[in-house]
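For reference, the structure is listed below as structure tokens.
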Amino acid sequence: MKLQLLPSTIENGKVTEKQHLSCFVIDDKVAIDAGSLAMSTNDFQKKQIRDVILTHAHIDHIAGLPLFIDDLFAHIAKPVEVFALEKVIKVLKDDIFNWDVYPDFSELENDNCVVLKYCPFEIGKPFHAGHLDVKAISVNHKVPSVGFIVSDGKTKFAISGDTAEMDVFWNTVNEETDLEALFVECAFPDNLNELAQISHHMTPSRLRRELEKFTNRNCPVYVINIKPMYRDEVVKELEHLAIKNLSILELGRVYEL
Ligand SMILES: [Zn+2]
């Protein structure tokens, strides 16, 4: 299985390591979150991706979705299927695809089909998205949010999305003995602990305590969703903590899991 966190931030004409937006592409076919889905996918990925799974509705996770569907509008032969919690779909309908902010693509057809289809999922109930088997797990963010366990039948990984301390997520993930990777957020440095608490995000110290709940000691752990303006601090603090098997997920790199 191939996994890529798409880059999203450009400075002086060059892509940087900062991550303003969140969008993971699996096997060039399925996207988890859609932050930079329109802006950073290549032509091959644009041609293939018709399944988009959302952790939650915050703008850094959905910003590229309206533009992605817009780009594909004329040629698409199969709707873009958006998998999300019912409450997240309501936000998309009410606040994004509402004609004021952007057209309601779920009502618009090209010559072939409707271009956007909403596919609600329930927490804990497995569903298929493209070639993947997916299960949503509760996490602890400020708005309705989930993490996922994702499998292609051979390889399996878990991803937290945005979250603060969790229990259900770890209990569920710990039941999976064959995880190839865990992707977990760490948004803020330790000196912004209060802000992290208010906004339901992790800091390095809290992530270290949190990972003590993860019983699969040999599974590689990749840190994601670091707030771009604090990246250097967060990375430095994580390096200082020297947590076993932990590394920072590199933007743009294609990982073979
Ligand atoms: Zn968020």
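Over the chain, what is the relative contact order in percent, taking alpha-carbon pairs closer than 8 angstrom and at least six residues apart? Intermediate results must be reported in sequence, preceding the final value.
Working: 561 pairs, mean separation 42.9, N = 257.
About 17 percent, as a whole number.
For region 5-77 and region 144-169, what is the separation of their C-alpha centers, rounded to whole Å?
Comparing the Cα centres of region 5-77 and region 144-169, I get a distance of 19 Å.
Quick one: grab the alpha carbon gyration tensor of region 1-112, order the square roots of its eigenvalues as a ≥ b ≥ c, and give me rounded if a/c is under 1.5, else prolate or oblate depending on whether a/b is larger than b/c. Provide the component values of the computation, followed by the final result.
Values: a/c = 1.56, a/b = 1.31, b/c = 1.19.
Cα axes put region 1-112 in the prolate bin.
Compute the distance in nm between two label points, each set 7 Å from the Cα along the Cα-to-Cβ direction, one at Lys46 and one at Asp178.
The modelled label-to-label distance comes out at 3.7 nm.
Using a 7 Å offset from the Cα along the Cα-to-Cβ direction at both Asn216 and Gln197, what is the distance between the two label points in nm, to one decimal?
3.1 nm
What residue among Val146, Val101, Val80 has the largest mean-square fluctuation in a Gaussian network model of the chain, using Cα springs under 10 Å?
Maximum fluctuation in the GNM of the chain, among the listed residues, is at Val101.
If you average the sequence gap of Cα pairs under 8 Å that are 6 or more apart and divide by the length of region 154-210, what percent do you get for the contact order?
Computed value for region 154-210: 40 percent relative contact order.
Under 5 Å between amide H atoms, partner at least 5 residues away or on a different chain: which partners does Glu81 have, H built in plane at 1.01 Å?
Those qualifying (amide H under 5 Å, at least 5 residues apart or on another chain) are Asp51, Val52, Lys117.
Quick one: grab the alpha carbon gyration tensor of region 2-256, order the square roots of its eigenvalues as a ≥ b ≥ c, and give me rounded if a/c is under 1.5, else prolate or oblate depending on whether a/b is larger than b/c.
Working: a/c = 1.67, a/b = 1.48, b/c = 1.13.
Prolate, since a/c reaches 1.5 and a/b exceeds b/c.
Can you give the helix-only mean residue ellipticity at 222 nm for the chain, where every DSSP H stretch with n ≥ 4 adds -39500 (n - 2.57) and the sum goes over all residues, rounded to the nearest 500 deg cm²/dmol?
Working: 9 runs with 62 residues, N = 257.
Helix-only estimate at 222 nm: -6000 deg cm²/dmol.
With a 10 Å radius around each residue's Cβ, average the other Cβ atoms per peptide and rank 114-120, 9-15, highest first.
114-120, 9-15
Readers should treat all values here as calculations from the given coordinates under stated rules, not as data from a laboratory. These numbers were taken from a predicted model, which means no experiment stands behind them. With ideal geometry, Cβ positions are generated from the backbone for all residues, glycine too; neighbour counts draw on all protein chains shown.
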